[in-house]
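Everything on this sheet refers to the single structure shown next.
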Amino acid sequence: MATDRKPNIVFVLCDNVGWGDFSCYGGGTPTPRIDKLASEGIRFNNYTVEAQCTPTRSAIMTGRQSVRSGTYTVIPGAGKNGLTPWEYTIAKLLSDAGYATSMWGKWHLGDTEGRLPTDQGFDEWWGYRNSVDEAGYGEYAMFRAAAKARGLELPKIWQGKKGQKSTAVRELNMEVRPLLDELIVGKATDYIKRAAVGNKPFFTYIALSHVHPPEKAHPDFDQTDPSRLGLYADLIAEMDHRVGQIVDCVDAAGIADNTLIVFSSDNAALCVPSSGFGGSNGPWAGDFFTPPTEGSMRVPAMVRWPETVPAGKVTEEMLSAHDWYKTFATLAGASAKVPNDRPMDGVDASKFLLGESEHTGRDALLFFGPDGSLMSVKWHNIKIWLRYSESIAKPIVSPQFPMIFDLGSDPGERNPLFADKMDCGWMFECAVPFVVEYRKSIAQYPNIKPGEEFTGYPKAKSVA
C-alpha cells in the first residue's frame with residue numbers, strides 16, 4: 001500500500017474526551033459518524049497523550065516530550081509562555097515541504113505575538129489563543145469590574161495570516177460558547193473546499209472546543225433527543241455531527257483518496273459532577289487529574305485514508321501523540337527535514353498506517369507529570385509508577401517502592417504486583433533502559449534549558 005503521493009492531512013483534535021466516550025469504544029451515546037470513520041480505517045486502543053492540554057498539543061506539534069520545551073503544564077510561566085520560536089513544528093516542516101497549512105480552534109501554545117499559530121508554521125488561523133475556560137470570565141461581575149479598572153483584555157477569538165499581526169474577531173464569551181464548534185468546523189470546511197482546488201497539498205489542524213468547561217450545548221443538540229439525558233451526551237452528539245461534517249466535506253471535494261484524516265483527543269475525560277458532566281475512560285483507572293493512571297493518558301484515536309490505510313482494523317499497538325510528527329513527515333516525503341540537532345521522542349509509524357508493518361515501532365512510553373518530572377514508564381503491558389496523584393486536590397507523591405502493574409490482567413491498576421509476589425524484578429530491567437536513554441538524551445545537550453530564548457541547539461556531545 002505504499003504511496004508516492006503527498007497526502008493532504010486533516011488532523012481533528014477534541015478536548016478532554018475519554019477513551020470510552022464514543023460508541024465504537026463502548027460509549028452509551030450513539031456516535032454513528034465517528035464509528036463509521038473508525039471502521040473505514042484504523043482504530044487505536046492503545047493511544048496515549050500527555051498530562052494536560054498544552055503538553056499534548058506541544059507533543060503533536062514538535063514530536064518531543066513537552067518537558068524539553070518547557071510546555072509541560074497549562075499554567076503560564078512568568079512573561080512569555082508556550083512554544084519558543086525556535087521549535088520546528090510539524091506545521092513548519094510541512095510548510096517547508098510545500099504544503100499549505102491552516103489552524104482552526106484552540107491553540108494553547110502561546111498567547112503573544114511571535115508564538116501564535118502563524119508564527120509556528122501555519123499560513124492562516126482562526127480561533128482562541130488559550131483555553132475555552134476564558135469564555136466564562138465575563139460571567140463574573142468582579143472580572144468585568146477588574147477588567148475595566150485595570151485595563152485587562154477581555155477574552156477574544158482571533159484570526160491571522162502568516163507575516164501579519166493577528167487581530168481580534170469577537171469576544172469569547174458564553175454567548176458564543178455553544179456555537180463555537182459550529183464556527184470552528186465552518187471555517188475549517190471552507191478552507192478544505194478552497195485548498196482542494198489549489199496546487200498544493202494541505203495540512204489543516206482542527207482543534208474543537210468540546211468537551212471543556214464551561215460548557216453549553218448547541219441549540220440543535222440541547223435536549224433535542226429523548227435518548228440523551230444530560231449535557232455531556234448532547235455535547236458528544238454534536239461532536240459526532242461536526243466530525244461527520246468534516247468527513248463529508250473531504251468526500252464532497254473529491255479528495256478522499258488522497259487525504260489522511262486523524263481524529264483523537266488531547267486528554268482523558270474530566271468528570272465534573274456539579275456541571276452535569278459525565279465522561280468515560282472505559283476500563284482504565286483514573287481520569288484527567290490522576291496521573292499516571294491509564295485513565296489519565298489513554299484516549300481514543302483513529303485514522304482514515306481510503307485505499308491506503310487498511311480499513312476495519314482495530315489495534316492494540318502502542319502509539320503516542322509524539323509519533324504523528326515523524327509519521328506525517330515520512331508520508332509527506334519530508335523525513336529528511338526532521339531535526340537532528342535536538343532530541344526527538346516520536347517514532348515513525350508510517351509503515352504501520354500503510355499496512356506494511358505489523359508494528360508501530362513504539363514499545364514503551366515515558367509519562368511526565370504537570371510538574372515536568374517523570375511519573376511512570378510503560379513497556380508493553382508492564383506499567384511502573386514512580387509517582388502518582390489521587391486527585392487535583394491532592395499532591396503528587398512517591399510510593400515507598402515503585403509500583404508495578406500488569407495492564408493486561410489489571411486495566412484498573414488496582415493490584416501492584418510486588419504486593420503479592422516478589423518475582424517481578426525482571427520487569428524493571430525491561431523498562432528502566434528507556435529512562436536511561438532519556439537521561440542520556442538530556443546529557444547530550446547540557447546547555448539547553450526548556451523555554452530558553454535562542455536560535456538553535458548547540459552541537460550534541462557524545463555520551464558514553
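The values are calculated or read from the model by the stated rules, or taken from the named source; none is laboratory data. Just so you know, these numbers come straight off a predicted model, no measurement behind them. Positions of Cβ are backbone-derived with ideal geometry, glycine not excepted, and every protein chain shown enters the neighbour counts. SASA here: full protein model, heavy atoms, side chains in, ligands and nucleic acids out. Shrake-Rupley method; radii C 1.70, N 1.55, O 1.52, S 1.80 Å.
Ligands, DNA and RNA excluded, the heavy atoms of K440 present near 90 Å² of accessible surface to a 1.4 Å solvent probe.
So what's the net charge close to M142: Lys and Arg +1, Asp and Glu -1, counting the other residues with Cβ under 12 Å from its Cβ? Net local charge, M142 excluded: +2.
Taking a straight Cα-Cα cut-off under 19 Å and skipping sequence neighbours fewer than 8 places away in the same chain, the aspartates and glutamates within cross-link reach of K148 are E134, E139, E171. With Cα atoms defining each centre, segment 326-344 and segment 404-420 are spaced 37 Å apart in the structure.
Kindly point out which whole DSSP H helices in the chain project their C-alpha atoms 18 angstrom or further along the helix axis while averaging a Kyte-Doolittle hydropathy of 0.0 or above. The qualifying helices are 180-196, 231-252, 426-443. Overall form of segment 141-228: oblate. Here a/c, set by the Cα gyration tensor axes a ≥ b ≥ c, is 1.5 or more, and a/b is not larger than b/c.
A simple rule links phi to the HN-Hα coupling: the Karplus curve 6.51 cos²θ - 1.76 cosθ + 1.60 with θ = phi - 60°, which for segment 373-387 gives 10, 5, 10, 7, 9, 10, 10, 6, 8, 8, 10, 10, 8, 9, 8 Hz, with x for Gly and Pro.
In order along segment 399-413, the phi-based Karplus estimate (6.51 cos²θ - 1.76 cosθ + 1.60, θ = phi - 60°) of 3J(HN,Hα) comes to x, 4, 9, x, 9, 9, 10, 9, 5, x, 10, 9, x, x, 6 Hz; Gly and Pro are listed as x. Whole Å is fine, so just give me how far the alpha carbon centre of segment 1-74 lies from that of segment 109-126. Cα centroid of segment 1-74 versus Cα centroid of segment 109-126: 21 Å apart. About its Cα centre, segment 300-435 has a charge dipole of approximately 340 debye under the convention of +1 per Lys or Arg Cβ and -1 per Asp or Glu Cβ, with nothing else charged. Rolling a 1.4 angstrom probe over the protein heavy atoms with all chains in place gives the chain an accessible area of 40 Å² per residue.
Here's how it looks for G27: its modeled amide H is under 5 Å from those of F22, which are all 5 or more places away or on a different chain. Pairs of Cα atoms nearer than 8 Å and 6+ residues apart set the relative contact order; for segment 283-420 it is 23 percent. Note on K421: aspartates and glutamates with a C-alpha under 20 Å away, same-chain residues under 8 apart excluded, are D406, D410, E413, E429. In this structure the amide hydrogen of V314, modeled in the peptide plane, comes within under 5 Å of the amide hydrogens of R43, none closer than 5 places in sequence on its chain. The 1.4 Å probe gives accessible areas that order R177, R387, largest first, as R387, R177.
Calculated [222 nm] ellipticity per residue, helices only, for the chain: -7000 deg cm²/dmol; basis is -39500 (n - 2.57) per DSSP H run with n ≥ 4, divided by all residues, nearest 500. Under 5 Å between amide hydrogens, built in the peptide plane, is the criterion, and for S280 it picks out G18, G20, D21 among residues at least 5 positions away or on other chains.
Summing Lys and Arg as +1 and Asp and Glu as -1 over all other residues whose Cβ lies under 10 Å from the Cβ of K326 gives a net charge of -3. In this structure I184 has an accessible area near 0 Å², from a 1.4 Å probe over the protein heavy atoms. Pairs over the 32 Å Cα-Cα cut-off, from the set K6/K187; K165/K200; K6/K440; K200/K313; K106/K326; K193/K216: K6/K440. The alpha-carbon of K162 sits under 16 angstrom from the alpha-carbons of these lysines, leaving out residues fewer than 8 places away in its chain: K92. Judged by the mean number of other Cβ atoms found within 10 Å, the most tightly packed of the peptides 161-168, 320-327 leads the ranking 320-327, 161-168. Specify whether the C-alpha gyration tensor of segment 1-158 places it in the rounded, prolate or oblate class, a ≥ b ≥ c being the square roots of the eigenvalues: rounded for a/c under 1.5, otherwise prolate if a/b is larger than b/c and oblate if not. Cα axes put segment 1-158 in the oblate bin.
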